[in-house]
Amino acid sequence: MSDVLFSGKTSFKIEVPHKLIETGESGVEKPLLVYLHGFKQNIEQFEELVEELLSFEAYHLFIQGPYPIYDRRRQKQVHEWGRSWYLYDGEQDQFVKSLELSSEFIQEVIDNVLEHIAVSRIAMVGYSMGGYQAGYFALSRWKHVNELIVIGGRIKTEVFENREKHYDHLNVLALHGSEDASVESSPQEKSCHTLASWGASVTFKELEESHALSRLFLKETKQWLSEMGYG
């Protein structure tokens, strides 16, 4: 005979890296670009993928997803493992809860960084899973984001349908591949129409690309950021 005397849940923390890079004149006020990588990527890999964007005179903040993806082949060290931004098992409640927890973590990193640098505006750049996370962060923490770029992901506008809207200041670029077999483009386009109706300035572009973060996606991103004043 056995009895369960007590059960519960306790938080367990792990160290999650981030990296801040400054380009251009040192110590002056300039934009902050925050980069959120895709599923099974890490900040080192993502920095290589978006290297072209480092040409902008800005602060570039790379944040790694908090959920490690275990390397079953045991060919990589822990710091080389890919990462995830949220836990999703098909249940929307779990999905949104994970997005919020990761957003709290991202906010803490940004707040700590802002204590040491002078920032004129903030842009979130998210690819794939990082795009979902960037979209949620921008809509839930609208005071902190001026520009939002989502590549191969979707902005979950339905989560915010019954909330007060404060998006008149928000500029959004949503890029999607017409050959994307991982994330359909039509739901993203619909989300963009919804966000535009809430006051945001939204540009949606479907390119002849797959889900991979290609040079064409980066070219469109650079051009749009330049138009937004990131010269």
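The values are calculated or read from the model by the stated rules, or taken from the named source; none is laboratory data. Given the structure is predicted, the values throughout are model-derived calculations rather than measurements. Positions of Cβ are generated from backbone atoms using ideal geometry, with glycine treated the same way; all protein chains shown enter the neighbour counts. Note: accessible area is taken over every heavy atom of the protein model, side chains too, but ligands, DNA and RNA are not part of it. Shrake-Rupley method; radii C 1.70, N 1.55, O 1.52, S 1.80 Å.
Observations, loosely collected:
- Extreme residue, positive dipole direction of the range 1-160, given options A138, Y86, Y127 (C-beta unit charges): Y86
- Centre-to-centre, using Cα atoms only, the range 189-231 and the range 11-71 are separated by 20 Å.
- Magnitude of the charge dipole for the range 89-231, about its Cα centre and with charges confined to Cβ atoms of Lys, Arg (+1) and Asp, Glu (-1), is about 420 debye.
- Helix-only mean residue ellipticity at 222 nm for the chain, each DSSP H run of n ≥ 4 adding -39500 (n - 2.57), per residue, nearest 500: -9500 deg cm²/dmol
- Percent RCO, i.e. relative contact order, over the range 126-231, from Cα pairs under 8 Å lying at least 6 residues apart: 25
- Stretchable slack from H166 to A212, in nm (0.36 nm times residue separation minus alpha-carbon distance): 13.4 nm
- Per residue, in Å², the accessible surface of the chain once ligands and nucleic acids are set aside, probe 1.4 Å: 55
- Förster radius 45 Å - calculated FRET efficiency between S226 and D89, Cβ distance, rounded to 0.05: 0.65
- The value of relative contact order for the chain, using C-alpha pairs under 8 Å at least six residues apart, is 17 percent.
- Subtracting the Cα-Cα distance of E44 and E184 from their residue separation scaled by 0.36 nm leaves 47.7 nm.
- With the simple spin-label model, which puts each label point 7 Å out from Cα in the Cβ direction, the I69 to V4 separation comes to 3.3 nm.
- Fully extending the segment from T203 to E104 would add 32.9 nm, taking 0.36 nm per residue of separation and subtracting the current Cα-Cα distance.
- Surface composition of the chain: carbon and sulfur make up 47 percent of the accessible area, probe 1.4 Å.
- The residues packed around Y70, meaning those with a beta-carbon under 14 Å from its beta-carbon, carry a net charge of +4 if Lys and Arg are +1 and Asp and Glu are -1.
- Under-5 Å amide H pairs with R121, H placed in peptide plane, nonlocal only: L32
- Net charge of Cβ neighbours under 14 Å - reference W85; Lys, Arg +1; Asp, Glu -1: +3
- Helices in the chain that qualify as membrane-span-like (whole DSSP H runs, Cα extent of at least 24 Å along the helix axis, mean Kyte-Doolittle hydropathy of 1.6 or higher) do not occur.
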